[in-house]
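Every number here is computed from the coordinates shown, using simple stated rules; none is lab data. This is a predicted model, so every value here is computed, not measured. Cβ: placed from backbone, ideal geometry, glycine included. Neighbour counts: every protein chain shown.
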Amino acid sequence: MELFLISTPAIIRFVIMLLRVSGIILFAPFFSNQSVPRQIRAAMALVVAYVLAPSLPLSSIPTGLNWGSITGLVAGEILSGLLIGFAASCVFAGMQFAGQVISFHLGFALINQFDPQTNVEVPVFSFLYDYLGLLFFLLVNGHHWLLLAISDSFGPLPVGGVRIHGSVLAWILELSAQVLVIGLRIAGPVMVVTIIVDVVLGIIGHAAPQIHILIVGLPVKILVGFGCLSFSFYFLPRYLASIYSSLYKTLFSLVHAMS
């Protein structure tokens, strides 16, 4: 009976794939859900790395590794996975920011609830937009894009070839700016409508001082805001589709920038 032997290059290949996948598991949306036990997420990382490992040719495994090169290789592989996960998390951070802006304008900023994904308290509308975005992300198979980006990243970004250039920093700054852009675009209709309501209520308050604006204004503002919010949900899937399609391109552009 022959023993089942695994070659050393195959083990190194699996470890390298596990390092990149670990960055996704730690940072990317859906995979980094804190409500999932760490043991299950660790098992997921092992299974995904085992499945994707054959896509990395054994010829691309560096030889003659020493402790210095191993340290740099480990740091670079984890960093590449973290940056890919960061690119995806910026989209969801923008939706959470939109929920915070809407909660502030509708008077729900002090009403927070526990988010099991991040283990922090967030406004109710941030919770709503976060889960709506996550559901749509899974609907368009966005989680497959992250795994595909890891699998295809070894072409333009070989093992140990991670470099932090100025273009990478520019991508990080642009992704961080997208948090503000996405949040304001989603929350923009509610912001505009509530500001108009405030102006109208201010005019009414000056024209008819006998009306208690502080008592009447808040229910009116909430009613109009909820109406605008309900109307904006009709256009939300189309906007999320455009965001996720650009995210698909951003993931691979970021991989090329790190090479």
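Ranking LEU73, PHE30, MET95 by Cα position along the charge dipole of the chain, where only Lys, Arg, Asp and Glu carry charges on their C-beta atoms, puts LEU73 farthest toward the positive end. Relative contact order of region 8-258, taken over Cα pairs closer than 8 Å and 6 or more residues apart, is 25 percent. How much of the pair distance distribution for region 86-170 lies past 18 Å, counting alpha-carbon pairs only, in percent? Percent of Cα pairs beyond 18 Å in region 86-170: 57. For region 175-191, putting each phi into the Karplus relation 6.51 cos²θ - 1.76 cosθ + 1.60 with θ = phi - 60° gives couplings of 5, 5, 5, 5, 4, 5, 5, 5, x, 6, 5, 6, 8, x, x, 5, 4 Hz, in residue order, rounded to whole numbers and with x for Gly and Pro. Using Cβ point charges alone (K and R +1, D and E -1), the dipole size of region 106-259 about the Cα centre works out to roughly 260 debye. Only one residue of TYR131, SER167, ILE222 has its Cα farthest out toward the positive end of the dipole of region 8-258, where Lys and Arg carry +1 and Asp and Glu -1 on Cβ, and that residue is SER167. In this simple spin-label approximation, PHE252 and LEU184 carry label points 7 Å from Cα along the Cα→Cβ vector, and these lie 3.1 nm apart. Within region 8-258, the ratio Rg/Rh, alpha carbon atoms throughout and Rh by Kirkwood, equals 1.12. Once each of the chymotrypsin sites (Phe, Trp or Tyr not before Pro) sitting in a DSSP loop with at most 15 other beta-carbon atoms within 10 Å is removed, the chain keeps 5-232 as its longest stretch. Think of each Lys and Arg Cβ as +1 and each Asp and Glu Cβ as -1; about the Cα centre, that makes the dipole of the chain roughly 160 debye. Between ILE211, LEU254, ILE186, the Cα set farthest toward the positive side of the dipole of region 8-258 (charges on each charged residue's Cβ, about the Cα centre) is that of LEU254.
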